[in-house]
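For reference, the structure is listed below as structure tokens.
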Amino acid sequence: MRIVEITGTIKPLSPEQARVKALKQGVARQKSQLAAEKERQHDAKHAEQMRTLQAKAAGM
């Protein structure tokens, strides 16, 4: 298929559809950012636990 055939059949979004799409994209972006922050905090907590264990092992 040619791109012209594919793009020629797509209708532009209505204002309401565009608004909903933008809201969904915003929510998806926030979820992604939240997941990244949660992972960062988890990694920091794990690193702190490892430092504590290493300090205890070195002190023995």
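Conditions tested, residue by residue: (1) at pLDDT 95 or above; (2) among the acidic types (D, E); (3) in contact with a strand residue (DSSP E or B) (Cβ under 8 Å, 6 or more places away or on another chain); (4) assigned to a helix (DSSP H, G or I).
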site	(1), (2), (3), (4)
T7	no, no, no, yes
I10	no, no, no, no
A22	yes, no, no, yes
V27	yes, no, no, yes
Q30	yes, no, no, yes
K38	yes, no, no, yes
K45	yes, no, no, yes
K56	no, no, no, yes
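Pairs are defined by a Cβ separation below 7 Å, a sequence spacing of at least 6 or placement on different chains, a first member in region 31-60 that is open to solvent by 90 Å² or more (accessible area, probe 1.4 Å), and a second member that is not in a helix (DSSP H, G or I); no pair meets this definition.
Within region 9-19, does at least one residue satisfy the condition of being open to solvent by 100 Å² or more (accessible area, probe 1.4 Å) and either in contact (Cβ under 8 Å) with a residue 60 or more places away in the chain or among the hydroxyl-bearing types (S, T, Y) (or both)? Checked against the condition, which is being open to solvent by 100 Å² or more (accessible area, probe 1.4 Å) and either in contact (Cβ under 8 Å) with a residue 60 or more places away in the chain or among the hydroxyl-bearing types (S, T, Y) (or both), region 9-19 yields at least one hit.
The values are calculated or read from the model by the stated rules, or taken from the named source; none is laboratory data. Given the structure is predicted, the values throughout are model-derived calculations rather than measurements. In this analysis, Cβ positions are derived from the backbone assuming ideal geometry, glycine residues included, and neighbour counts consider all displayed protein chains. Accessible surface is based on the protein model in full, side chains and every heavy atom, while ligands, DNA and RNA are left aside. Shrake-Rupley method; radii C 1.70, N 1.55, O 1.52, S 1.80 Å.
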